[in-house]
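Peer 1: Please find one structure pasted underneath; my questions will follow.
The values are calculated or read from the model by the stated rules, or taken from the named source; none is laboratory data. Computed from a prediction, not measured in an experiment: that's the story for all the values here. Ideal geometry is used to build each Cβ from the backbone, glycine not excepted, and the neighbour counts take in all protein chains shown.
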Amino acid sequence: MPRPEATPATAGGPAVPDVDLTRVRELVEETDPHGNLIALLQRAQELYGYLPEPVVAEIARLSGIPASRIYGIITFYAQFTTVPTGRHKCFVCHGTACHVAGATRITEALEQELGVADGTTRDDLEFTLDSVACMGACSQAPVMRVDDETYGNLTADEARRIARRLLDQSATEQGGASDA
Ligand code: FES
């Protein structure tokens, strides 16, 4: 059944940033939505960090593709998300080798330093922390990935140091943004 008309998400959870829908029009014009809907959704998610309902509704409106079909793709592929995620994403491997090597201690260290529970996003949308399955680097267990960087042979102390660096980086970036 088609979903009802999109409305901006407002109830509960992290604050939803303003969504500039003019960028959606550009994406739809640049990417053939009928021939390459997945690529279009990937680009939209890169742009917004996730696929908020107004963006999906606008893609549906501009392309004529039913929103129900677009949501079918979004829910089928794990790479897509309709909830806001942090600007910095920390994934701790909890596969067998990493679990045995102390992944739980890594997750706990990050939870404490970053102030975010595993599997959630901080309200300021700076950090998402999540547990994932084997990252294919078992010889370096325990392993985590932060944004595009992978760290292996971690200790809880090293995870804390990385988290503090991230916090410093985030504070600097936010300072820069507010100065602009
Ligand atoms: S179990 Fe963690 S990388 Fe394989």
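Peer 1: Could you check, for region 42-63, whether at least one of its residues is more than 30 Å from residue 123 (Cβ to Cβ), modelled with pLDDT under 95 and outside the structural domain of residue 121 (by TED's automatic domain parsing)? Even if it seems obvious, please write down each step before you answer.
Peer 2: Taking region 42-63 and keeping what is more than 30 Å from residue 123 (Cβ to Cβ), we get 61-63.
Keeping just the survivors that are modelled with pLDDT under 95 gives none.
No; the residues of region 42-63 include none that is more than 30 Å from residue 123 (Cβ to Cβ), modelled with pLDDT under 95 and outside the structural domain of residue 121 (by TED's automatic domain parsing).
Peer 1: Separate question: Return the total of residues in region 86-125 being of a type in the set (A, V, I, L, M, F, W, C), surrounded by fewer than 16 Cβ atoms within 10 Å (Cβ to Cβ) and farther than 21 Å from residue 167 by Cβ. Step through it out loud before you land on a result.
Peer 2: First, the residues of region 86-125 that are of a type in the set (A, V, I, L, M, F, W, C): 90-93, 97-98, 100-101, 103, 106, 109-110, 114, 116-117, 125.
So of that shortlist, the ones also surrounded by fewer than 16 Cβ atoms within 10 Å (Cβ to Cβ) come out as 100, 117.
After this cut, where a residue has to be farther than 21 Å from residue 167 by Cβ as well, the list is 100.
Residues in region 86-125 being of a type in the set (A, V, I, L, M, F, W, C), surrounded by fewer than 16 Cβ atoms within 10 Å (Cβ to Cβ) and farther than 21 Å from residue 167 by Cβ: 1 in total.
Peer 1: A further question follows. Taking the residues in region 131-151 that are exposed (fewer than 15 other Cβ atoms within 10 Å of the Cβ) and of a type in the set (D, E, K, R) as candidates, determine which candidate is nearest to the ligand (Cβ to nearest atom).
Peer 2: Result: 149.
Peer 1: Name the one entry in 68, 63 that is in contact with a His (Cβ under 8 Å, 6 or more places away or on another chain), under 30 Å from residue 21 (Cβ atoms) and not aromatic (Phe, Trp, Tyr). Please lay out each step first, then the result.
Peer 2: Numbers: 68 fails: in contact with a His (Cβ under 8 Å, 6 or more places away or on another chain).
Result: 63 is the single residue among 68, 63 that is in contact with a His (Cβ under 8 Å, 6 or more places away or on another chain), under 30 Å from residue 21 (Cβ atoms) and not aromatic (Phe, Trp, Tyr).
Peer 1: If you don't mind, there's one more thing I want to ask. Could you figure out which of (1) at pLDDT 95 or above; (2) more than 16 Å from the ligand (Cβ to nearest atom) isn't true of residue 30?
Peer 2: All conditions are met except number (1).
Peer 1: Among the strands (runs of 3 or more DSSP E) confined wholly to region 100-180, which include 1 or more residues that are under 18 Å from the mean Cα position of the chain (by Cα) and touching a residue at least 40 places away in the same chain (Cβ under 8 Å)?
Peer 2: Numbers: elements: 127-132, 144-146, 149-151.
Filter on region 100-180 gives 127-132, 144-146.
Peer 1: Restricting attention to region 61-76, which residues are free of Cβ contacts under 8 Å to residues at least 40 places away in the same chain and either in a helix (DSSP H, G or I) or in contact with a Leu (Cβ under 8 Å, 6 or more places away or on another chain) (or both)?
Peer 2: First pass over region 61-76, keeping only residues free of Cβ contacts under 8 Å to residues at least 40 places away in the same chain: 61-65, 69-70, 72-76.
Those that are free of Cβ contacts under 8 Å to residues at least 40 places away in the same chain and either in a helix (DSSP H, G or I) or in contact with a Leu (Cβ under 8 Å, 6 or more places away or on another chain) (or both): 61, 62, 63, 65, 69, 70, 72, 73, 74, 75, 76.
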